[in-house]
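Here's the structure, in structure tokens; my notes come after.
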Amino acid sequence: MAGNKFAVKLSKVKTEEVSFREPEEKIAKSFNDDFLSVGFASYFGSDIDTNTVTVHLILNYDYGDEESGDLLRLLNYKGSFDFVFDNLKNYIDLKSNELLLPDHVLEKLLDISISTARGIIIVKTAGSFINRFYLPVFDPKTLLKGMQQEDSEQIV
């Protein structure tokens, strides 16, 4: 597979949920960026009949201290991004239905999806308090490695 070439395109962007809330004025005035955390979850899906790989993303902005139980969810985003390949069946194990795309391709799909989600979040939160806190730049290689590690831990 190392020498195989293929064409891929982003074919569909679906925003399943974007919800955000304004913090109380007292919180907004004393807002400390150190207490803002970004949560990330993602997984890949595939459909051999349509030659589609889907990246599913869930992103959250939480503010406060989880240990004290004082945690405020400021943003919740769920979305999916469909990428169509010219011949996906060459990259799927038909017995296990496992996706066999090279890591650098999965990293690029993840990177494009996150960047697109960042733009969607900026537009959807325009004029709100949370809009001044852009989704950070993630390293897709590190994220993919973490996803693969979680998958292998679930198998054990």
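Being closer than 18 Å to VAL105 by Cα and in contact with a Lys or Arg (Cβ under 9 Å, 6 or more places away or on another chain) is the filter here, so list the residues in region 28-85 that pass it. Can you show your working first?
The first filter runs over region 28-85 and keeps only residues closer than 18 Å to VAL105 by Cα, leaving 42-48, 51-57, 80-85.
If the condition is that a residue be closer than 18 Å to VAL105 by Cα and in contact with a Lys or Arg (Cβ under 9 Å, 6 or more places away or on another chain), then ILE48, ASN51, THR52, THR54, HIS56, LEU57, SER80, PHE81, ASP82, PHE83, VAL84, PHE85 are the ones that fit.
Is it the case that ASN97 is on the phi > 0 side of the Ramachandran plot and either surrounded by fewer than 20 Cβ atoms within 10 Å (Cβ to Cβ) or touching a Ser or Thr at 6+ places or on another chain (Cβ under 9 Å) (or both)?
Spelling it out, ASN97 is indeed on the phi > 0 side of the Ramachandran plot and either surrounded by fewer than 20 Cβ atoms within 10 Å (Cβ to Cβ) or touching a Ser or Thr at 6+ places or on another chain (Cβ under 9 Å) (or both).
If LEU71 satisfies every condition in (1) aliphatic (A, V, I, L, M); (2) in contact with a helix residue (DSSP H, G or I) (Cβ under 6 Å, 6 or more places away or on another chain); (3) in a strand (DSSP E or B) but one, which is the exception?
(2)
Could you tell me which residue of region 110-132 is surrounded by the fewest Cβ atoms within 10 Å (Cβ to Cβ), considering only residues that are among the β-branched types (Val, Ile, Thr) and within 17 Å of VAL38 (Cα to Cα)?
Of all residues in region 110-132, those among the β-branched types (Val, Ile, Thr) come to 112, 114, 116, 120-123, 125, 130.
This time we only want the ones that are within 17 Å of VAL38 (Cα to Cα), so: 114, 116, 120-122, 125, 130.
Numbers: ILE114: 21, THR116: 17, ILE120: 16, ILE121: 23, ILE122: 12, THR125: 20, ILE130: 18.
Of everything passing the filter in region 110-132, ILE122 is surrounded by the fewest Cβ atoms within 10 Å (Cβ to Cβ).
Could you check, for region 42-54, whether at least one of its residues is at pLDDT below 95, in contact with a Phe, Trp or Tyr (Cβ under 6 Å, 6 or more places away or on another chain), more than 14 Å from ALA117 (Cβ to Cβ) and hydrophobic (A, V, I, L, M, F, W, C)?
There is no residue in region 42-54 that is at pLDDT below 95, in contact with a Phe, Trp or Tyr (Cβ under 6 Å, 6 or more places away or on another chain), more than 14 Å from ALA117 (Cβ to Cβ) and hydrophobic (A, V, I, L, M, F, W, C).
Tally up the residues in region 77-121 that are hydroxyl-bearing (Ser, Thr, Tyr) and over 19 Å from ALA41 (Cα atoms), please. I'd like the intermediate steps shown before the answer.
Of all residues in region 77-121, those hydroxyl-bearing (Ser, Thr, Tyr) come to 77, 80, 91, 96, 113, 115-116.
Within this subset, residues satisfying the condition of being over 19 Å from ALA41 (Cα atoms) are 91, 96.
Result for region 77-121: 2.
Specify which of the listed residues (LEU88, LEU71) is in contact with a strand residue (DSSP E or B) (Cβ under 8 Å, 6 or more places away or on another chain) and without any contact (Cβ under 8 Å) to a residue 12 or more places away in the chain. Before you say what the answer is, go through the steps one by one.
Numbers: LEU88 fails: without any contact (Cβ under 8 Å) to a residue 12 or more places away in the chain.
Unique residue meeting the criteria: LEU71.
For region 108-134, how many residues meet the condition of being in a helix (DSSP H, G or I) and in contact (Cβ under 8 Å) with a residue 24 or more places away in the chain? I'd like the intermediate steps shown before the answer.
Going through region 108-134, the residues in a helix (DSSP H, G or I) turn out to be 108-124, 129-132.
From what's left, in contact (Cβ under 8 Å) with a residue 24 or more places away in the chain: 108-114, 116-117, 120-121, 124, 129-130.
Summing the residues that are in a helix (DSSP H, G or I) and in contact (Cβ under 8 Å) with a residue 24 or more places away in the chain in region 108-134 gives 14.
The values are calculated or read from the model by the stated rules, or taken from the named source; none is laboratory data. Since the structure is predicted, the reported quantities are computational estimates derived from the model, not experimental observations. So basically every Cβ, Gly included, is an ideal-geometry build from the backbone, and we count neighbours across all protein chains shown.
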